[in-house]
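Here the structure comes first, spelled out in structure tokens, and everything after it is commentary.
Values quoted throughout were computed directly from the atomic coordinates according to the rules given, and no laboratory measurement underlies them. Just so it is clear, the structure is predicted and the values come from calculations on it, not from any experiment. A quick note on method: Cβ atoms are made from the backbone with ideal geometry, for glycine too, and the neighbour counts reach across all protein chains shown.
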């Protein structure tokens, strides 16, 4: 089910309360109600960022290997668990892996006066077209969920 938009700014979408994302953590959101995260929000070094859940290497997502597992094992980088690429949490720049020189795609984010996390995907840059592999759009290929799967 798509998330509700804020009445005062129809383009802003309320995701969660800021207290639900701890420092050094990230949380993914399914904006389209299709059963797959499309955006993730993180809190890092006292700052907030929202990124499309999409690796620039193959132009597809999700990046997490399980629900909300966006950080590397050492907790210092964001990581695409499909390719091993690492990204700076604040700039989104790829620091290691096959997409060096590229970056994650930002989503406009704000915290409202009551502490609710809100995003506006319309304010960010548009996502590039997905890569096409062998004539197939790779975003059409997603691992089916299995019983007890948290992704």
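Numbers at a glance
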{"quantity": "Residue within the range 82-91 that is in contact with a strand residue (DSSP E or B) (Cβ under 7 Å, 6 or more places away or on another chain), within 20 Å of residue 20 (Cβ to Cβ) and surrounded by 19 or more Cβ atoms within 10 Å (Cβ to Cβ) present", "calculated": "yes"}
{"quantity": "Filter pass, residue 106 being surrounded by 19 or more Cβ atoms within 10 Å (Cβ to Cβ) and within 14 Å of the chain's Cα centre (by Cα)", "calculated": "no"}
